[in-house]
Amino acid sequence: MKPKSLRKRKFLNLASEVFSLCAIAVAVSAMAIILATVAYQGWHALSLDFLLRRSAPYGAQGGIGNAILGTIAITLGASVVAIPLALLAGIYLSEYAHGKLACLLRFSANVLMGVPSILVGLFIYTAVVVPTGHFSGMAGSLALSILMFPMILRTTEEILRMVPNSLRESALALGMSRPRAILGIVCRSAAPGLLTGILMAVARVSGETAPLLFTALFADSWLTGYFTQPTPSLPVLITEYTTNSPFASMHAAGWGASLAVMTLVLAINLSTRIFLGRKVR
């Protein structure tokens, strides 16, 4: 019986390894196909003039400079709102909250993570755009901050829970107050993971289109009224150029903008991993 049981376990182990390798191969292949398609379709449109010139009305030759600035402004505004609040909430759940309140907060964060982004955009449209009477980049930032908040919160809580309790106990034994021990010891030791979670959330929302259609809308002008005027962004530009325009030149510009977004996200992720890897070593 023992040899048969051993052969069975080896077979199951081999089957699990083969299944895992196949799943990884499918995921990597899909990602490679997407990256290759975007790069092949978009590199023809990329140029310095294309990146620096503002977009133009349908049928005219334009660039994506204003959309790049608008995307940076909207994403930065969302980060300013969401990151501090989410970090503090994650620290509270990990270090202070217990019992039913903690379960309720975690459940609420999980539910918020599953809410479709278009519903968040519709909520901000009703709560901000309609009362103010205009679309704006600020409204877009508020919508993206709602999407960022639960992701950073849950990541922060899970990363801090991985920090050994011995570090907390050692800091308290040396006479440090609990808030100082959490911020100076626990959060510092978990800084690479916290930064990775933040960047994942930023990368996740930087390509969102649906919330911006209800909040920031779009404009072919440069960014002059972040708080009071429609604000251009790369996701909306890509949507408009590739789906709502009959002109081949604008389709090519949409592919070029897609390649620019993809390159920016990859550069952020790779540079962060390299920096954090060196810091850890």
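Here, the chain has an Rg and a Dmax of 23.1, 78 Å when only alpha carbons are counted.
Computed in the context of the full set of protein chains, the accessible area of segment 55-189 at 1.4 Å probe radius has 71% of its extent on carbon or sulfur.
Approximating the spin labels as points 7 Å out from Cα along Cα→Cβ, the S189-to-V18 distance works out to 4.3 nm. A P(r) calculated from all alpha carbon pairs of segment 65-183, with 5 Å bins opening at zero, reads 2, 11, 16, 17, 16, 13, 9, 7, 5, 3, 1, 0 percent. In the context of the full set of protein chains, segment 1-73 has a per residue accessible area of 75 Å² (1.4 Å probe).
The gain in end-to-end length when the S5 to A102 segment is fully stretched comes to 30.5 nm, 0.36 nm per residue minus the alpha carbon separation. Translational diffusion of segment 131-281 was estimated from the Stokes-Einstein equation, with Rh taken as the Kirkwood radius over Cα pairs; at 25 °C and 0.890 mPa s the coefficient is 134 µm²/s.
Counting only protein heavy atoms and a 1.4 Å probe, segment 100-198 has 53 square angstrom of accessible area per residue. Helices meeting the span-like rule in the chain (full DSSP H runs, Cα extent of at least 18 Å along the helix axis, mean Kyte-Doolittle score of -0.5 or higher): 2-42, 65-95, 99-113, 137-161, 191-206, 248-280. Could you tell me which of S141, M113, H98 has its Cα farthest along the dipole of segment 96-172 towards the positive end, charges placed at Cβ (Lys, Arg +1; Asp, Glu -1), taken about the Cα centre? Highest projection toward the positive end goes to H98.
The values are calculated or read from the model by the stated rules, or taken from the named source; none is laboratory data. Just so it is clear, the structure is predicted and the values come from calculations on it, not from any experiment. Here Cβ is always computed from backbone atoms with ideal geometry, including for glycine, and neighbour counts include all displayed protein chains. To get the accessible areas, we keep the full protein, side chains included, count just its heavy atoms, and leave off ligands, DNA and RNA. Shrake-Rupley method; radii C 1.70, N 1.55, O 1.52, S 1.80 Å.
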